[in-house]
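Below is one structure, written out as structure tokens, with a few remarks after it.
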Amino acid sequence: MRATAAEREREVEAAISLRENEINTLEERKKTLQSQLVVSQPSLREDPLLSSFPILDYCGKNAKYPIKSVPLEQVGNVLSQFDIAAKAIALRNKEDRVIVKDLRREIRTQEKKYVTWSEKKRRLADESGIDLKFITPQSREASFNLQNYTSEASIEEIEVRGKIIQKEIRAGKLIVEKKGKDSK
């Protein structure tokens, strides 16, 4: 036998009302459980340690909540949470000390590199006769602008000039050789 449309509609309405009753009872249970919670919801916290241990809201000089607001029945639970949080904080502090130690080591190596480069720069300036005090960012920019120098002479013209200079150098060497032979 097939169920009529009215019977199916009544079944659907009954199922919907059962689900609504279940949802209402679950929401009431959720509210009662949240009211019994000692701490706030950690979902929007930035620090992972604070989000893992919301009991830390009751700690410190500027605590978000007074410790006196904890119900007497949950004091044992709160104390065990404090112990676990203290161990986690100690572990995190140890990790942070390792990171700080590595950063200090890196700073020392960078300082040594800076000192050696400064010494090399000073020695090079002394050997080349450059006074580093007069080298300013503006003068460096001016010297870098020379690197973008463009000539009106073409490449062929420059090559011809180079060949002429080479001929003049050879001619000068020949003259020096002849004068050297004549003076003997």
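Which residue, chosen from 86, 67, 124, occupies the Cα position most advanced towards the positive end of the dipole of region 42-132, where the dipole is computed from +1 (Lys, Arg) and -1 (Asp, Glu) charges on Cβ about the Cα centre?
Positive-most Cα among the choices belongs to 124.
Ranked highest first by the average count of other Cβ atoms within 10 Å around their residues, in what order do 68-76, 84-92 fall? Each step should come with its number before you reach the end.
Values: 68-76: 9.9, 84-92: 13.0.
My ranking of the peptides, most packed first, is 84-92, 68-76.
How big is the charge dipole of region 42-132 about its Cα centre, in debye rounded to the nearest 20, if each Lys and Arg gets +1 on its Cβ and each Asp and Glu gets -1 on its Cβ? List each step's numbers first, then the result.
Details: 18 positive and 14 negative charges, 56 e Å.
Dipole size: approximately 260 debye.
In the structure shown, do any of 61/87; 120/167; 68/101; 68/94; 64/87; 31/94 have a Cα-Cα gap over 29 Å, and if so which?
Values: 61/87 20 Å; 120/167 41 Å; 68/101 40 Å; 68/94 31 Å; 64/87 21 Å; 31/94 39 Å.
Beyond 29 Å: 120/167; 68/101; 68/94; 31/94.
Values in this text are rule-based calculations from the coordinates and carry no lab data. As the structure is a prediction and not an experimental result, all values here were calculated from the model. Quick reminder, even Gly has a Cβ in these numbers, built from the backbone with ideal geometry, and neighbours come from all protein chains shown.
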